[in-house]
Amino acid sequence: MLTVEHLCAGYDGTPILHDLSFHVEKGKIMALLGSNGAGKTTALRSVVGKIKPTSGGIIYEGKSIINMPTYKMVELGIAMVPEGRLLFGKMTVADNLRMGSYRVKNKRVIQSKLEEIYEIFPKIKERENQLAETLSGGEQQMVAIARGLMSQPKLLILDEPSLGLAPKIVKEMFDFIKKINQTGLTIIIVEQNAIDTLQFADYAYLMNSGENVLEGTGSELLENEKVKEIYLGIT
Amino acid sequence: MIIQCIFEGIVIGSILALISMGIALIWGVMNVLSFSQGEFLMIGMYLTFFFNKNLGLDPIISIPFTAVIMFALGVLVYKTLIRKALKGPILSQRLITFALSMVLVNGMLMLVTSEFRTIPKVIFTGTVDFGFLVISKEKLVPLMVSVLVTGALFLFMNKTNIGKAIRATSLNKDAEELVGIDTEFSYMLAFGIASAIAGTAGCVLSYYYYITPTVGTSFLLFGLIAVALGGFGSIFGAYIGGLLMGIVDVFAGVYFNTAFKYVAVCALFMLVVSFRPKGLFGK
Ligand SMILES: Nc1ncnc2c1ncn2[C@@H]1O[C@H](COP(=O)(O)OP(=O)(O)O)[C@@H](O)[C@H]1O
Ligand SMILES: [Mg+2]
């Protein structure tokens, strides 16, 4: 569904990504792992057109999307839930969700999507008229994901959804991600929380200093000595 | 007398509020200081004058035409100047609207001279006398129109999809593109709307005010201070700031003299800055 080939990108001439390649298949959960500063967010921002790569290719459903502006991504079916959630803090929760379907013109579709989301997240419905900034971290993350879902994406990109959440909430979040994947949605998830993520990811890449150093299925990487070394401290 | 002054202050303040809301809108959405807002008001006045002289339209009737022309002018200014300046250094972004304002004022001085003009005859004239307050209908018109325009702006920004998109742009540029909003489109609309509002302010101001190329300058200064009083980000704060400015303006003019207006308004601003650096409504 999405293939990134030999991608190089950076900020204002500072190269961050060197030769990064990864691939995600339709209907799967792909995890991009790596320590803080490895370039995971930079990779995702390149995919959605926030950063213009210096070289390499990004192919989505057979077409290059490398020079596509960010605002056109939702029309292609790509939604990203950015790191740090980036909600519209001074808007109500309901308005945040409606903004998620800004490009969906059919009002009835929007309404039914909204009801669907309220069904999955009853907590959000309770808070629909509250300003988004007044929600707790976990609730905000749920709203951010829900906002992403409102555009009816085919590919959902999640950048560190567990960041700043209590362990119990993290588990709920991961369960939820599995659940939406089962509805047919393809997912790219970036996490520092590698061991938990590998439990449910179909395929994963381990990144370091702007390139991928390891790849494999979730269980393969869980067994990998290097991963054990880095993430479990086992040698 | 005090009640009369408050009324007069609210009338002029409601015009200032239209200028300051435009400045706040543009600042909030794209971090550009619109020094040309006063000149958009001035051009709106000349358009009104033109429509009146050549087609016999009352300023009220010409509001939709003036607003549409000013919206188009705002969009054009955005596309040809602001959009380009935003790609440059911050100082260019600040100076560009200032340069535009200079060109508009002095260009108009060359074109139509500094001669004061007025609209000779308007539909609503006469006064309503309450004893403690005499309301001239020529002033009631700007006040009512300002209230209507402000109400319409609030409805647009809070209830319509496009208005919410513009707010989303001002709230978070990163997230806004991810949900499919084109930032440049929001910028263009915001600039066009602010310009149309200033033009509308010009229409109704010409109901009782003289028309001359430099008329916008003092409105801009007061409008800018109104925005700063309100705390810069918020359109609502800018509106209240505008009303407040109008009242201070009239009181200072009546109880002292016209020169003192500027002292009063600027002193008020300095006081607010020293005691509430983020403005009256800033947090
Ligand atoms: N806006 C930016 N401008 C310049 N450098 C940046 C910017 N954002 C991130 N970086 C740098 O790029 C590198 C990779 O960052 P990032 O992609 O955020 O990593 P990760 O998401 O894996 O933690 C870091 O060294 C970081 O300092
Ligand atoms: Mg990151």
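The values are calculated or read from the model by the stated rules, or taken from the named source; none is laboratory data. Quick caveat, the model's predicted, so the values are computed rather than measured. All Cβ positions, glycine included, derive from the backbone under ideal geometry; neighbour counts span all protein chains shown. Ligands, DNA and RNA are stripped out before the accessible areas are found, and what is left, the full protein with its side chains, is counted by its heavy atoms. Shrake-Rupley method; radii C 1.70, N 1.55, O 1.52, S 1.80 Å.
To check you understand DSSP bridge types, tell me what percent of the beta bridges within chain A (both residues inside) are antiparallel, rounded to 5.
50 percent
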Pair A:Glu75, A:Tyr11: separation of 7 Å Cα→Cβ label points (nm)
2.9 nm
Please compute, for the alpha-carbon atoms of the protein assembly as shown, the extent along each of the three principal axes and give them in descending order in Å.
89, 46, 46
How about the range B:188-217: which chymotrypsin sites (Phe, Trp or Tyr not before Pro) there are in a DSSP loop, with at most 13 other Cβ atoms within 10 Å of their Cβ?
B:Tyr210
Over the range B:2-275, with neighbouring protein chains present, the accessible area per residue in Å² at probe 1.4 Å is 41 Å²
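Show me the three semi-axes of the equivalent ellipsoid for the range B:56-173, from the C-alpha gyration tensor (sqrt of 5 times each eigenvalue), largest first, rounded to whole Å. All intermediate terms of the calculation are to be shown ahead of the outcome.
Working: eigenvalues 226, 117, 37 Å².
In descending order the semi-axes read 34, 24, 14 Å.
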Accessible surface of chain B [probe 1.4 Å, protein heavy atoms]: carbon and sulfur percent
73 percent
With each label point set 7 Å from Cα along the Cα-Cβ vector, what nm distance links A:Ile59 and B:Ala72?
4.8 nm
Probe 1.4 Å, protein heavy atoms only - accessible area per residue of the range A:159-235 in square angstrom:
50 Å²
A:Glu225 label point, 7 Å along Cα→Cβ, cut-off 18 Å on backbone N: hits in the range A:202-217?
A:213-216
So if I restrict to the alpha-carbon atoms in chain A, what is the Rg, and what is Dmax, the biggest pairwise distance, in Å?
17.5, 56
With label points set 7 Å from each Cα along the Cα-to-Cβ direction at B:Thr160 and B:Val103, the distance between them in nm comes to 2.9 nm
Let's test this: bin the Cα-Cα distances of chain B at 10 Å from zero up to the farthest pair and state each bin's percent.
7, 29, 37, 21, 6, 1
Which of the peptides B:264-277, B:142-155 is most tightly packed, and how do the rest follow, judged by the mean count of other Cβ atoms within 10 Å per residue?
B:142-155, B:264-277
Computed from every Cα-Cα pair in the range A:87-165, P(r) in 5 Å bins starting at 0 and rounded to whole percents is 3, 17, 29, 26, 19, 6, 1, 0
Peptide A:77-85 - average C-beta neighbours from other chains (10 Å radius)
2
Could you tell me what percent of the DSSP beta bridges with both partners in the protein assembly as shown are antiparallel, to the nearest 5?
55 percent
In the A-B interface, the accessible area buried, summed over both sides, Å² (probe 1.4 Å)
1900 Å²
What's the center-to-center distance, using Cα atoms, between the range A:106-139 and the range B:50-87 in Å?
40 Å
